[in-house]
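Chemist: Okay, handing you the structure first.
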Amino acid sequence: GARSDPSPGRMLGIHLRAVAAGGSGVLALLAAEGGIGRVADLPLLFVLLAGCVVLGEALPVTVPGHDEEVTTSTAFTFALLMIFGLAPAAICQAVASALCDAVRRKPLLVAVFNIGQCTLALAAAAAVLHAFGAPATPAAALHLTPGDLLALAASGTAFFAVNNLLAGVALALSQRAAIRGVLLDDLAFQAGTAGLLLGFAPLVVAAASAGTFLVPLLSLPLYAIFRGGRDAQLSEHHALHDRLTDLPNRVLFRDRAERAIAAARRGGRTVAVLIMDLDSFKEVNDTLGHHHGDLLLREIGPRLAARLRASDTVARMGGDEFAILLPDVRGADEACEVARAVLEQLGRPLTIGGVTLDVRASIGVACFPDHGDDVDVLLQRADVAMYNAKSARAGAAVYDLNQDPYSVERLVLAAQLREAIERREIVLHYQPQVDLATGRCSGVEALARWEHPERGNLPPDTFIPLAEQTGQIRALTMCVIQQAVAQCARWQAGGLDLDVAVNVSARDLLDLDLPATVDDLLRSHGLPADRLVLEITESMLVADPHRAERVLRQLSRLGVRIAVDDFGTGYSSLTYLKRMPIDEIKVDRSFVLNMATNADDAAIVASTVGLGQNLGLRTVAEGVENAAAFAVLQGMGCDRAQGYHLSRPVPAPELEAWAARAAGGELLADPPAALLAS
Ligand code: C2E
Ligand code: CA
Ligand code: CA
């Protein structure tokens, strides 16, 4: 936002300069006025107090949980004010402040502003003290009376008010925040610390009156406070950072993520949480030793920082796992781009202790509000996405509900699926298969649909994988086979002779009871076994080929037909076509869809059809979406076609109507000659 709105920036400049100029003017007057001469009365005391001011300025106290630092010099400056008057106090404070700002390389304007700020605050305090009646000499000032405490309280208040007002306005303008808010923020804390420090000033005066030599001892308690503050800050740092890498730890990451989510909720923005896991860290540790492993972990933070913004957080969550917080992204896509950039940066060769390593990692991405609205859910989901990315060797992956076995939505859906199977909310739609030689409907593929009471009609992709992963696929398959067999038997009884194909899952092929169950079903419905086709895929035969073969053989012996679905997409060898009891191959729709435009695909379809013919298998082409494909398949001698060009999967009554029309010969009415030629 700094570029869009220049006015607060200008105001800040004006404020800083005004305070700097005002303070410098007062200092110049004081130097000229000669009040500084009073230090000659008690020179040693002045030098000691001045030393304490410089020391206090050099060692500011940091208070855990608060952003600003507290300088203990205020107590001694105030003692100087009480004993020697404004000029020595202000000049001494100005010199100490200038020295320390110079050492810390503060910008000149800021340094002069700091001098101006405390000079003006001291001047206000001096004016109030004066109103109560100033002592005649420094020596007289050393004798405190109870009334002096009252004067001190009043002037301390003036000091605090002016000091805080000037600093608060500067802070508000630089942060573009409301001045009132900044002034009130932390007011109790600031007033408290100011009160403590100012209350120390009369003790300094009292010590000086008892003996100048006591004054340096007073810096001891203040130094103790400084040390305590520093230790507290260090232990806070240790509590929130990882020892090995010095990156934020899980606690700090969660804290920052919570803040980012709260801010994003107000601003309607997206927060991304990334979990990153190194792919081969264990090997580095095992082969090169823990020392190299540690060095590698230390390299990660700096490497990632190169691709991230200052406002992003990289944390070490433990082991070789890191998390990245992107507090403001446009969406999951942008987060994924960042993840890729990070992986790329990480993948550059890294030389550690003379060994060049190839560092790879996997990243999972989850976003607020898309994937969850609290840190724990996002972390857990980013973790799930990371595992998916790792097992797919994909580098980076965004969380996907469908792949998360632990998500609540998924567990709910799995429980609902169990009931849906019992209550018969799983229904079948039937997609016709047309005999390419006659144009008649000769079979159907049964495709499952979930009529979900709240979500409407769910496609199989949403619940088949869920059923497979939650151990319900057997029940689901039986539910589908039952309905398909019953429907097919009704059609047979009504004179409609169709075979019905059912998809089975890999898990079903490990079920040694499947053949007997299917046999019982066919018998109870009086359906000839060869009317039932079971569709399997090549990849299903990989898990336990011997067992799958046994189940398939038993089914085949019953007379049930076996089809290989999605043929051409698997990796297994062609030998199983000979070994296994296969009756049919279904050419995968990806080849059929592009047949008209892609010569390679056309060649694959043609040779698959040829292979089927040579082995005496029925060939079915799926994904026939237009008349051109239909005609080409006819020319190739393919047996059957299935696809949107003929019909989408439809409920049983519609299928009956469709089959009746196809029987009337409408389909083969006029295959356009031009299309046949292509
Ligand atoms: P699949 O076995 O390859 O089924 C064919 C899918 O292709 C169906 O999608 C169908 O609607 C679609 N399709 C049909 N013709 C065309 C076309 O011309 N063009 C295109 N682009 N697509 C076409 P659906 O019904 O969504 O089924 C998806 C997958 O779900 C099926 O793929 C099958 O693997 C699985 N599935 C469906 N029902 C069952 C079931 O009861 N049990 C099991 N285990 N899996 C099932
Ligand atoms: Ca199928
Ligand atoms: Ca298929």
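The values are calculated or read from the model by the stated rules, or taken from the named source; none is laboratory data. Because the structure is a prediction, the values reported are computed rather than measured. Glycine also receives a Cβ, built like all others from the backbone with ideal geometry; neighbour counts cover every protein chain displayed. In case anyone asks, the SASA skips ligands and DNA or RNA and just uses the protein heavy atoms, side chains included. Shrake-Rupley method; radii C 1.70, N 1.55, O 1.52, S 1.80 Å.
Chemist: In the range 361-392, what count of residues is obtained for those that are assigned to a loop (DSSP other than H, G, I, E, B) and not acidic (Asp, Glu)?
Modeler: Final tally of qualifying residues: 4.
Chemist: So, in the range 336-360, exactly how many residues are out of contact with any Pro (no Cβ under 8 Å at 6 or more places or on another chain), part of a strand (DSSP E or B) and open to solvent by 60 Å² or more (accessible area, probe 1.4 Å)?
Modeler: Number satisfying all stated conditions: 1.
Chemist: For the subset of the range 509-527 comprising residues that are in a helix (DSSP H, G or I) and among the small types (Gly, Ala, Ser), which member is least open to solvent (accessible area, probe 1.4 Å)?
Modeler: Ranking the qualifying residues of the range 509-527, first place goes to Ala516.
Chemist: All but one of (1) closer than 26 Å to Ser505 by Cβ; (2) modelled with pLDDT of 90 or more hold for Ala629; state the number of the condition that does not hold.
Modeler: All conditions are met except number (1).
Chemist: Among the residues of the range 371-381, is any of a type outside the set (Phe, Trp, Tyr), buried (at least 17 other Cβ atoms within 10 Å of the Cβ), touching an Asp or Glu at 6+ places or on another chain (Cβ under 6 Å) and over 25 Å from Glu454 (Cβ atoms)?
Modeler: Checked against the condition, which is being of a type outside the set (Phe, Trp, Tyr), buried (at least 17 other Cβ atoms within 10 Å of the Cβ), touching an Asp or Glu at 6+ places or on another chain (Cβ under 6 Å) and over 25 Å from Glu454 (Cβ atoms), the range 371-381 yields at least one hit.
Chemist: Also: Quick one: would you say Leu447 is under 27 Å from Thr619 (Cβ atoms) and either in contact (Cβ under 8 Å) with a residue 12 or more places away in the chain or of a type outside the set (Ser, Thr, Tyr) (or both)?
Modeler: Against the criterion (under 27 Å from Thr619 (Cβ atoms) and either in contact (Cβ under 8 Å) with a residue 12 or more places away in the chain or of a type outside the set (Ser, Thr, Tyr) (or both)), Leu447 qualifies.
Chemist: Also, quick follow-up: Criterion first (within 16 Å of ligand 2 (Cβ to nearest atom) and buried (at least 17 other Cβ atoms within 10 Å of the Cβ)) does Thr477 satisfy it?
Modeler: yes
Chemist: Which condition number in (1) within 16 Å of ligand 2 (Cβ to nearest atom); (2) farther than 18 Å from Ser442 by Cα; (3) in contact with a Leu (Cβ under 9 Å, 6 or more places away or on another chain) is the one that Met580 fails?
Modeler: Every condition holds for Met580 apart from (1).
Chemist: Go through the range 16-48 and give me each residue that's more than 20 Å from Phe84 (Cα to Cα) and crowded, with 19+ Cβ neighbours inside 10 Å.
Modeler: Once the filter is applied, which keeps residues that are more than 20 Å from Phe84 (Cα to Cα) and crowded, with 19+ Cβ neighbours inside 10 Å, the range 16-48 yields Leu16, Val19, Ala20.
Chemist: Shifting gears a bit: What tally of residues in the range 530-546 results from selecting those that are buried (at least 17 other Cβ atoms within 10 Å of the Cβ) and over 39 Å from the mean Cα position of the chain (by Cα)?
Modeler: 5
Chemist: Look at Ser539 and say whether it is part of a helix (DSSP H, G or I), touching a residue at least 12 places away in the same chain (Cβ under 8 Å), under 23 Å from Glu468 (Cα atoms) and within 13 Å of ligand 1 (Cβ to nearest atom).
Modeler: yes
Chemist: I'd like the full set of residues that are out of contact with any helix residue (DSSP H, G or I) (no Cβ under 7 Å at 6 or more places or on another chain) and not in a helix (DSSP H, G or I), limited to the range 69-127.
Modeler: Passing the criteria: Glu69, Arg104, Arg105, Lys106, Pro107.
Chemist: Then there is this: Criterion first (among the aromatic types (Phe, Trp, Tyr), open to solvent by less than 30 Å² (accessible area, probe 1.4 Å) and touching a Leu at 6+ places or on another chain (Cβ under 8 Å)) does Phe159 satisfy it?
Modeler: Here the answer is yes, as Phe159 does meet what is asked.
Chemist: Please specify each residue of the range 561-575 satisfying the condition of being within 12 Å of ligand 3 (Cβ to nearest atom) and modelled with pLDDT of 85 or more.
Modeler: Hits for the range 561-575 are Ala563, Val564, Asp565, Asp566, Phe567, Gly568.
Chemist: Return the residue satisfying two criteria in turn: it lies in the range 495-507 and is without any contact (Cβ under 8 Å) to a residue 60 or more places away in the chain and within 16 Å of ligand 3 (Cβ to nearest atom), and of such residues it is surrounded by the fewest Cβ atoms within 10 Å (Cβ to Cβ).
Modeler: Ala506
Chemist: Shifting gears a bit: Could you pull out every one of the helices (runs of 4 or more DSSP H) wholly within the range 192-306 that has 3 or more residues that are at pLDDT below 90 and more than 42 Å from the chain's Cα centre (by Cα)?
Modeler: Output list reads 219-240.
Chemist: While we're looking at this one, here's another question. Please name all residue pairs, on different chains or six or more residues apart, with Cβ atoms under 7 Å, provided the first residue is in the range 289-318 and is more than 15 Å from Val342 (Cβ to Cβ) and free of Cβ contacts under 8 Å to residues at least 24 places away in the same chain and the second residue is in a strand (DSSP E or B) and open to solvent by less than 60 Å² (accessible area, probe 1.4 Å).
Modeler: Pairs found: Ser311/Pro327.
Chemist: Hey, among the residues in the range 657-672 that are crowded, with 17+ Cβ neighbours inside 10 Å and under 29 Å from Trp450 (Cβ atoms), which one's modelled with the lowest pLDDT?
Modeler: It comes out as Ala662.
Chemist: Moving on to the next point. Within the range 558-576, take every residue that is more than 16 Å from ligand 1 (Cβ to nearest atom) and over 23 Å from Val444 (Cα atoms) and give me the one that is most open to solvent (accessible area, probe 1.4 Å).
Modeler: Filtering first and then ranking leaves Tyr571.
Chemist: Continuing with this model, one more query. Report the residue count in the range 260-306 for those that are over 16 Å from Gly319 (Cβ atoms) and surrounded by fewer than 14 Cβ atoms within 10 Å (Cβ to Cβ).
Modeler: Residues that pass the stated criteria total 11.
Chemist: Now for a different question. Just the residues that are crowded, with 19+ Cβ neighbours inside 10 Å and without any contact (Cβ under 8 Å) to a residue 40 or more places away in the chain, please, taken from the range 68-110.
Modeler: Thr71, Ser73, Leu80, Ala89, Asp101
Chemist: Still on this structure, I have one more. Identify, by number, the condition in (1) within 16 Å of ligand 3 (Cβ to nearest atom); (2) under 24 Å from Ala529 (Cβ atoms); (3) touching a Ser or Thr at 6+ places or on another chain (Cβ under 8 Å) that Ile464 doesn't meet.
Modeler: Unmet for Ile464, out of (1) within 16 Å of ligand 3 (Cβ to nearest atom); (2) under 24 Å from Ala529 (Cβ atoms); (3) touching a Ser or Thr at 6+ places or on another chain (Cβ under 8 Å): (2).
Chemist: On to the next question. Looking at Leu510, Leu522, which one is more than 16 Å from ligand 2 (Cβ to nearest atom), closer than 30 Å to Leu401 by Cα and touching a Lys or Arg at 6+ places or on another chain (Cβ under 9 Å)?
Modeler: From the options Leu510, Leu522, the qualifying one is Leu510.
Chemist: Do we have Gln642 as open to solvent by 30 Å² or more (accessible area, probe 1.4 Å) and at pLDDT 95 or above here?
Modeler: no
Chemist: Still on this model: Which condition from (1) open to solvent by less than 70 Å² (accessible area, probe 1.4 Å); (2) without any contact (Cβ under 8 Å) to a residue 24 or more places away in the chain is the one that Leu196 breaks?
Modeler: Condition (1) is where Leu196 drops out.
Chemist: So, of the residues in the range 595-638 that are within 11 Å of ligand 1 (Cβ to nearest atom) and open to solvent by 20 Å² or more (accessible area, probe 1.4 Å), which turns out to be nearest to Gly568 (Cα to Cα)?
Modeler: Glu625
Chemist: Can you say whether Gly168 is surrounded by 14 or more Cβ atoms within 10 Å (Cβ to Cβ), over 30 Å from Asp41 (Cα atoms) and touching a residue at least 12 places away in the same chain (Cβ under 8 Å), as far as the supplied structure shows?
Modeler: When the stated conditions are applied, Gly168 passes them.
Chemist: Inside the range 444-464, can you point out the residues that are surrounded by 14 or more Cβ atoms within 10 Å (Cβ to Cβ) and either among the charged types (D, E, K, R) or within 12 Å of ligand 2 (Cβ to nearest atom) (or both)?
Modeler: Val444, Glu445, Ala446, Leu447, Ala448, Arg449, Glu451, Pro460, Ile464
Chemist: Moving on. In the range 377-400, what count of residues is obtained for those that are within 21 Å of Thr270 (Cα to Cα) and touching a residue at least 24 places away in the same chain (Cβ under 8 Å)?
Modeler: 12
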